[in-house]
Amino acid sequence: MRPDRFRAASLGPAAKLTAPPGAPDRGIFLSPRFYAFVAGVLVVLALAVAALLRFGELDGDLSTVLGLLTGAAVGALIPMTLLWIAQRRGRRS
């Protein structure tokens with residue numbers, strides 16, 4: 001027997017939709033897998049910072065740690081802002 005996805009093509013006009021499906025509410029779809037990846041990256045980053053602080057590779061000065069965290073935040077904020085702008089522009093169209 002054919003899978004359901006091919007059945008509609010074999011039914012012909014009987015498979016016609018009565019009404020088209022509605023438009024999606026958002027234009028950018030991020031899967032749970034993506035969020036798990038981001039969480040994993042954040043955990044690895046936190047472990048790396050903790051290890052560097054623990055083993056003395058960072059000088060332990062608060063300004064170094066704040067600079068590292070600020071750079072990571074800005075590095076993440078730029079792509080997030082671009083995605084947000086792209087999403088808003090998509091809604092206006």
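The values are calculated or read from the model by the stated rules, or taken from the named source; none is laboratory data. Computed from a prediction, not measured in an experiment: that's the story for all the values here. When we count neighbours, we look across all protein chains shown, and the Cβ atoms used for this are built from the backbone with ideal geometry, even at glycine.
A count restricted to the range 18-56 and to residues that are of a type in the set (A, V, I, L, M, F, W, C) and modelled with pLDDT under 70 stands at 1. If only residues of the range 57-93 that are of a type in the set (S, T, N, Q) and farther than 30 Å from residue 24 by Cβ are counted, the one that is modelled with the highest pLDDT is 70.
Within the range 63-93, being closer than 17 Å to residue 41 by Cα and of a type in the set (S, T, N, Q) holds for one residue alone: 70.
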